[in-house]
């Protein structure tokens, strides 16, 4: 894989990482083929994830108002943003536009200027894990063929880990290692 700062040539970084995790055309096709199953559950998916976040003080703090109660308006905006990410992910595009969109999402989480501040990276990792688990459950329940369900889960997992690598770039120090 290339050395230097990944964000200086993000499309190359993503291509090389996809190759490293063996995310190939067959995987991208599996993501696109199963996208309708996932997108049909977008509202339930986003609601479940934010309900989960609200159960834990470390993640709930990002969605509470000054009175300590969940901020419904903020939650709706975040659900909308998560839905956009899910729709973008379902396209399985490894384009320059998609890569810089992911970087912008990562930076918005890692460089929050307003209280309670940056989202800790372990919560980003945890959110991707929750998404992977939810997707595996969808494929297990909706696909009659266990081999197809496993292939869909594997493909989405590879893609989500490539996404996670980009999302976490905002947390890295800006020096060459």
Taking a ≥ b ≥ c as the square roots of the eigenvalues of the Cα gyration tensor, with a/c under 1.5 meaning rounded and otherwise prolate when a/b exceeds b/c and oblate if not, the range 94-151 is oblate
Using alpha carbon centers only, the range 87-110 is separated from the range 156-170 by a whole-angstrom value of 9
Contour minus Cα-Cα span, residue 133 to residue 22, at 0.36 nm per residue, comes to 37.9 nm
Listed residues 26, 136, 47; largest mean-square fluctuation, Gaussian network over the chain with Cα springs below 10 Å, found at 26
Contact order relative to length for the chain, counting C-alpha pairs under 8 Å separated by 6 or more residues, stands in percent at 35
Row for the range 1-92, column shape: gyration tensor on C-alpha, a ≥ b ≥ c, rounded if a/c < 1.5 i.e. under 1.5, prolate if a/b over b/c, else oblate; value oblate
For Kirkwood radius over Cα pairs in Å the list reads (i) 15.9; (ii) 16.4; (iii) 17.1; the calculated value is entry (iii)
Footprinting proxy, 34, 95: sorted fewest to most Cβ within 10 Å, the residues are 95, 34
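Values quoted throughout were computed directly from the atomic coordinates according to the rules given, and no laboratory measurement underlies them. From a predicted model like this one, the values you see are computed outputs, not experimental measurements. Counting neighbours? That spans all protein chains shown, and the Cβs are built from the backbone with ideal geometry, glycine included.
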